[in-house]
Amino acid sequence: MADAGAGPLGFRMAVNRDRQRELYGAPLGDRVRRLTSALGISQSRLARTLGISPAMLSQLVSARRVKIGDPTVLARLLMLDQRCHGVRIRPEPRAVDALLAEVARARWQWNAPRVPAPRDPQGPGSGTAAAALRGIAEPARLAAAAAALGPGFPELAEVLRQAANRPGA
């Protein structure tokens, strides 16, 4: 069991952290700190992105509460956690903004089929790599990919940023 603080509240919070570890693979405080650090954002901004009140997120982080009750909030948290997994260098603010906007728009659907990304009207073979990328992914996803690839593959990240910044070009 996680180390308990003094008294019954500390013990209860340690039990809650263990329960979060069972449910989510790690205490929510650890996940939230990893995300806020990787993206350079406040816990309050993360809460707004997820669609939860800052007070509720704070209670989850401190293990005063155990579960995320809204499946959409959980889906957004998992989506953001997946996108930020392995990010070693903080993405540019513009890429962070695009990623957070995309996550905030995400809706949880039970067994809903995936809708294909909008296609470039000129088709993927319209001449440039950026045009081809626009044909297979939305601008926010391209920006998120650029943020993830930037540290290791700056030239690929630049093409992704170009595609994300000129969706109609």
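Starting with the highest mean, order 47-60, 131-144 by the number of other Cβ atoms within 10 Å, averaged over the residues of each peptide.
In decreasing order of mean packing, 47-60, 131-144 become 131-144, 47-60.
With a probe of 1.4 Å, find how much accessible area the range 11-71 has per residue, and write the answer as a whole number in Å².
For the range 11-71, the solvent-accessible area averages 50 Å² per residue.
What is the local net charge at R90, summed over the other residues whose Cβ is closer than 15 Å to its Cβ (Lys, Arg +1; Asp, Glu -1)?
+4
The values are calculated or read from the model by the stated rules, or taken from the named source; none is laboratory data. From a predicted model like this one, the values you see are computed outputs, not experimental measurements. When we count neighbours, we look across all protein chains shown, and the Cβ atoms used for this are built from the backbone with ideal geometry, even at glycine. Just the protein is used for accessible areas: all its heavy atoms, side chains included, with ligands, DNA and RNA removed. Shrake-Rupley method; radii C 1.70, N 1.55, O 1.52, S 1.80 Å.
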